[in-house]
Amino acid sequence: MLSSTRNPYPSVVFVLGGPGAGKGTQCARIVKEFGLTHLSVGALLRAERDSGAEHSDMIAAMIRNGEFVPKELTVALLQQKMEEEPNKRGYLIQGFPRALDQAHYFEEQIAACKFILYIDCPENIMEKRLLARGKTSGRVDDSLEIIRKRIRKFKEETLPVISYYSELGKVKQVAGSGSVDEVYAELRPHFVTAPPDVEDISKMQSILDMDPIYTAEQIVIPPALPDVLKEWSKHVIRAQPGDLLQFSADYFARLADETPLILSVDQLKALQRTLSTSLDDVVSRADIKRACNSVDIESSVVEHVFRLKGMGVQVDWPAFVVFATTLIAEDLNHAVNMLFAIFGADSDSLLDIQIFLHLFSFLASQDELELSYVDALSDALRSKAAANGDGLISFDDYLEASVSQAQAQARVDA
Ligand SMILES: Nc1ncnc2c1ncn2[C@@H]1O[C@H](COP(=O)(O)OP(=O)(O)OP(=O)(O)O)[C@@H](O)[C@H]1O
Ligand SMILES: O=c1ccn([C@@H]2O[C@H](COP(=O)(O)O)[C@@H](O)[C@H]2O)c(=O)[nH]1
């Protein structure tokens, strides 16, 4: 089964409403104007029933009695159809999900829905329409007894689906009691203006590239949005926060607040001196806070670093200092330069190769450097430290090694 994480379907809209609410009638019009692929689950099941396939007898019995066919079978049929009819503009799935477990199952197996179009129609109107339809439709379930049963099942099992998506803000409700034109006029704007959901940043471009049910003119993307989302995504990926919403709320609150984080290399050097008196690299958060306080590093900065890396109760303090440098570094080389200033000897800012590689590993993880690059750079620096005779390296040694590794990499890429 396909999982929603590698969802090839760009857009799924469920169309729900009681039996006779006008789902099929409106879907036909939506499809005509917007070019989505229309999948009526009832129609798919009727076709499967008539095909004489393995489960046709069971499906026939379910339809005849107004019962629901097992979700595994329904979703497999839907998936098969979606694969047979790839459509960048999306899918309009009518009369499904009929119950909450079906909704969850579909979203797990195939894709999250973009929204639910709910056509709300009074019971007496639905009943009248279906009795009229029953005169010519040939549908075994358009009898008064089964119509009433279908309406009852809709209220008991399908309305909870609508409530569920409503809480997620995904329901577009329209009144189904008016004429066909009136209902369509009310629902149409939802297809014209609904913005595509952006599951990830890379998908945004493909959404803009696809044949529009949403034209590029209709989607107004604020110019800053891609950068804001990219930066936010990088922070999330780095921090791997336990509570993504809280992390994001803090992150954006900080951005909006625009309070600059006040931190200097001198403060970090002083912090390093203070913390290096502890016997262990791992200390408590309280120790970190005390040490920062003693060198006048603001608690907002401390909390920021804790959040940045989603650190636990026990903190590897050299890592804390390294991550703190990234708050004020312009780029990777600037951060490395600061490491030499903070951890190096006062006289010459030289660093023992083992210590440097340990510190650098935190920056490498933060910057998501390729392992092969880090390994090659580390080897080059070990050779340099050995050649220097004392196991020490300078920032210039680092720069030289990183430039030659970058050049070597460029040659391989070429
Ligand atoms: N707005 C409307 N006004 C009057 N009649 C309508 C309207 N919409 C649909 N109908 C008629 O009502 C009957 C049911 O409509 P339709 O088949 O679209 O409903 P449905 O919600 O798809 O029903 P089901 O779930 O039972 O398949 C049809 O005969 C259709 O022509
Ligand atoms: O998800 C679904 C949808 C439909 N069924 C069965 O089909 C009939 C007819 O459905 P309509 O949407 O009215 O065409 C319905 O009463 C069910 O028996 C289903 O099992 N699951």
request  = Work out the length of the dipole vector of region 265-413 about its Cα centre, built from +1 on the beta-carbon of each Lys and Arg and -1 on the beta-carbon of each Asp and Glu, and round it to the nearest 20 debye.
outcome  = 400
note = For region 282-386, using Cα atoms only, the Rg and Dmax in Å read 14.4, 41
request  = Normalising by the residue count of region 12-191, find the relative contact order in percent from Cα pairs under 8 Å and 6+ residues apart.
outcome  = 35
query = Going by average Cβ neighbours within 10 Å, how do the peptides 29-40, 383-394 rank, with the highest at the top?
reply = 29-40, 383-394
ask   = What value, in deg cm²/dmol to 500, does the helix sum -39500 (n - 2.57) over DSSP H runs of n ≥ 4 give at 222 nm once divided by the residues of the chain?
value = -19000 deg cm²/dmol
query = Which of the lysines could be linked to Lys234 by a straight reach, that is with a Cα gap under 18 Å, when you skip same-chain ones fewer than 8 residues away?
reply = Lys203, Lys309
message = Only Cα pairs within less than 10 Å get springs; with that Gaussian network setup on the chain, which residue of Ala112, Ala380, Ala103 has the largest fluctuation?
response = Ala380
ask   = Name the residues of region 372-414 whose amide N is less than 16 Å from a point 7 angstrom out from the Cα of Asp348 along the C-beta direction?
value = 384-398
Ranked list, fewest to most other Cβ atoms within 10 Å of each Cβ, for Glu85, Glu67 = Glu85, Glu67
At R0 = 30 Å, FRET efficiency that the Cβ-Cβ distance of Arg64 and Lys88 yields, to 0.05 = 0.20
ask   = Mean shadow of the chain, computed from the convex hull of its alpha carbons, in nm²?
value = 27.6
key: Gyration tensor (alpha-carbon) shape descriptor, region 41-138, a/c threshold 1.5   = oblate
message = Please list, by residue number, every one of the chymotrypsin sites (Phe, Trp or Tyr not before Pro) in region 291-354 that is coil in DSSP and has at most 15 other beta-carbon atoms within 10 Å.
response = none
message = I'd like the FRET efficiency for Lys128 and Ser56, computed as 1/(1 + (r/R0)^6) with the beta carbon distance as r and R0 of 41 Å, rounded to 0.05.
response = 0.85
Rounded to 5, the percent of DSSP beta bridges in the chain classed as antiparallel = 20
task = Tell me, rounded to the nearest percent, the portion of alpha carbon pairs in region 12-191 spaced more than 22 Å apart.
result = 43
note = For the Glu330, Ser284 Cβ pair and Förster radius 41 Å, calculated FRET efficiency rounded to 0.05 is 0.80
ask   = Which pairs break 18 Å Cα to Cα here: Lys114/Lys170; Lys128/Lys172; Lys114/Lys172; Lys149/Lys172; Lys114/Lys153; Lys81/Lys149?
value = Lys128/Lys172; Lys149/Lys172; Lys114/Lys153; Lys81/Lys149
query = Size of the dipole of the chain about the Cα centre, Lys and Arg at +1 and Asp and Glu at -1 on the beta carbon, nothing else charged, in debye to 20?
reply = 2480
request  = Averaging sequence separations of C-alpha pairs under 8 Å and six or more residues apart, then dividing by the length of the chain, give the relative contact order as a whole percent.
outcome  = 13
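Here, each number is a calculation from the coordinates, and none is a lab measurement. A quick note: this is a predicted structure, and the numbers were derived from the prediction, not measured. Note that each Cβ is placed from the backbone with ideal geometry, even for glycine, and that neighbours are counted across all protein chains shown.
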